[in-house]
Amino acid sequence: MTNPKIIDGNALAAQMRTLIAERVAEQKASGGPCPGLAVVLVGDDPASQVYVRNKNKRADEVGINSFEHLLPADTSEAALLALVAQLNNDPKIHGILVQLPLPNHINAQKVLESIDPAKDVDGFHPFNVGRLATGGTALVPCTPLGCLLMLKRHFGDLSGQRAIVLGRSNIVGKPMAQLLLRESATVTIAHSRSRDLASECRRADIVVAAVGRPEMVRQDWVKPGAVVIDVGINRVPAAEAGKTRLVGDVAFDEVMPLASAITPVPGGVGPMTIAMLLRNTLEACAHQQGLPFRDLL
Ligand code: GUN
């Protein structure tokens, strides 16, 4: 039997993709365009290659056109900026994602800032970051958006809940905190320099762990009944010699018995990220066409 405490990210992401596929079909049936997503990968990082392949496969499944741009590791910054400019001007493309990390000789911030904010389905452009912080319509980073969807599924209203975000990255920690604040949670952002991390964490009704440290959050860090969202994906040596396994930032076996709900790794937040990328592509397309966009929840 499945444990109802364990939030099944694969199942929820599949539900979301079904809904997105229906919306894409509706949009096409009413004469609207087929949403187009361009994914740009520079270099041959194996993990990034797997992500990009998955993104394309999932896009195709929901009826979104995906366009893959695989560039060699020695691609110049100027050539990458020229490709982004071309995609910005291409009416078939409604969403642009440049896979991170980029090689060191390319200024990633410069590239992200060159993406048309209306097509910025990662939500990394300062325009969207600022909109998320100050109100108004914004494209929101996919991983935090997936976490929020899971939390809303569990709690409904997050208003007044005490939330802690462990980690302050631009991709997860900071936008996650902004989203929780937008939902009227009481938000703490903790990080590697925070004093007494364990007792800060123990006060929280909601814990979002995004620090990239294997199994850092232990049993005595978590208040009984808290909801724990684990964004970490860390590869560690397995018991069997020469093998590895994936673990999150949370010591799952210790924390699961006392949490009221928890996401596993793998199969928790991960699948939600791509589902939210598809959602953002549909939203970007709708807004560019002046069509309404209904949110998934
Ligand atoms: N690399 C790891 N996560 C992400 C993400 O969400 N977007 C992009 N563009 N690159 C990433």
Discussion item. So if I take the centroid of the Cα atoms in the range 180-209 and the same for the range 10-76, what is the distance between those two points in Å?
Written reply: 33
Worksheet item: Could you give the angle, 0 to 90 degrees to the nearest 10, between helix 9-29's Cα long axis and the longest principal axis of the Cα atoms of the chain?
Response: 20
Practice prompt. Relative to the longest principal axis of the C-alpha atoms of the chain, give the angle of the C-alpha long axis of helix 269-289, reported between 0 and 90° and rounded to the nearest 10°.
Written response: 40
Response to the item:
Between ARG182 and LYS28, the two model label points (7 Å from Cα along the beta-carbon direction) sit apart by a distance in nm of 2.9
Worksheet item: If packing is taken as the mean number of other Cβ atoms within 10 Å per residue, what is the order of 203-210, 30-37, highest first?
Response: 203-210, 30-37
Discussion item. Just to verify a number: what accessible area does HIS105 come out at with the full protein assembly present, 1.4 Å probe, Å² rounded to tens?
Written reply: 100
Worksheet item: Mean separation of Cα pairs under 8 Å and 6+ residues apart, divided by the residue count of the range 85-235: what relative contact order is that in percent?
Response: 16
Worksheet entry | R0 of 45 Å, Cβ-Cβ distance ALA133-GLU240: FRET efficiency to nearest 0.05 | 0.45
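What FRET efficiency do you get for ASN107 and THR2 if R0 is 45 Å and r is their Cβ-Cβ distance, rounded to the nearest 0.05?
On the way: r = 46 Å, r/R0 = 1.02.
Result of the calculation: an efficiency of 0.45.
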Fill in: Crossing angle, helix 173-182 versus the chain [Cα axis fit, 0-90 degrees, rounded to tens]
90
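Kindly report the accessible area of the range 153-210 per residue (heavy atoms of protein chains, probe 1.4 Å, no ligands, DNA or RNA), in Å². Spell out each step's value before the answer.
Details: 2920 Å² over 58 residues.
Per-residue accessible area for the range 153-210 comes out at 50 Å².
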Worksheet item: Using a 1.4 Å probe on the protein chains only, how many percent of the accessible area of the range 241-297 belongs to carbon and sulfur?
Response: 56
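From the square roots a ≥ b ≥ c of the eigenvalues of the alpha-carbon gyration tensor of the range 54-188, which class results: rounded (a/c under 1.5), prolate (a/b over b/c), or oblate?
Working: a/c = 2.18, a/b = 1.74, b/c = 1.25.
The shape class here is prolate.
Sort MET272, MET216 by heavy-atom solvent-accessible area, probe 1.4 angstrom, most to least. Please list the in-between numbers first.
Numbers: MET272 0, MET216 35 Å².
The residues order as MET216, MET272, largest area first.
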Item to complete: Would you please state which residues of the range 172-197 a label at ARG218 would reach in this model, taking the label point 7 Å out along Cα→Cβ and a backbone N cut-off of under 20 Å?
Response: 190-197
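With 23 Å as the cut-off, how large is the P(r) tail for the range 176-297, expressed as percent of Cα-Cα pairs? Provide the component values of the computation, followed by the final result.
On the way: 3091 of 7381 pairs.
Counting every Cα pair in the range 176-297, those more than 23 Å apart make up 42 percent.
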Worksheet item: Which of these, ALA163, ALA241, ALA79, has the largest mean-square fluctuation under a Gaussian network model of the chain (Cα springs below 10 Å)?
Response: ALA241
Worksheet item: Given Cα pairs under 8 Å that are at least 6 residues apart, what percent is the relative contact order of the chain?
Response: 20
Item to complete: Return the lysines within reach of LYS92: Cα separation strictly under 22 angstrom, same-chain partners fewer than 8 residues apart disregarded; answer none if there are no such residues.
Response: LYS28, LYS55, LYS57, LYS119
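222 nm [θ] for the chain, helices only, -39500 (n - 2.57) per DSSP H run of 4+, per residue, to 500? Don't skip to the answer; put the middle values down first.
Numbers: 10 runs with 121 residues, N = 297.
Using -39500 (n - 2.57) per qualifying helix, the result is -12500 deg cm²/dmol.
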Item to complete: Starting from the Cα gyration tensor of the chain, multiply each eigenvalue by 5, take the square root, and state the resulting semi-axes largest first in whole Å.
Response: 32, 22, 19
Worksheet item: At q = 0.20, 0.24 Å⁻¹, what base-10 log of I(q)/I(0) does the Debye formula yield for the range 1-43 when every alpha carbon is treated as an equal point scatterer in vacuo?
Response: -0.77, -0.86
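The values are calculated or read from the model by the stated rules, or taken from the named source; none is laboratory data. Just so you know, these numbers come straight off a predicted model, no measurement behind them. All Cβ positions, glycine included, derive from the backbone under ideal geometry; neighbour counts span all protein chains shown. Keep in mind that these areas ignore ligands, DNA and RNA; they rest on the heavy atoms of the full protein, side chains included. Shrake-Rupley method; radii C 1.70, N 1.55, O 1.52, S 1.80 Å.
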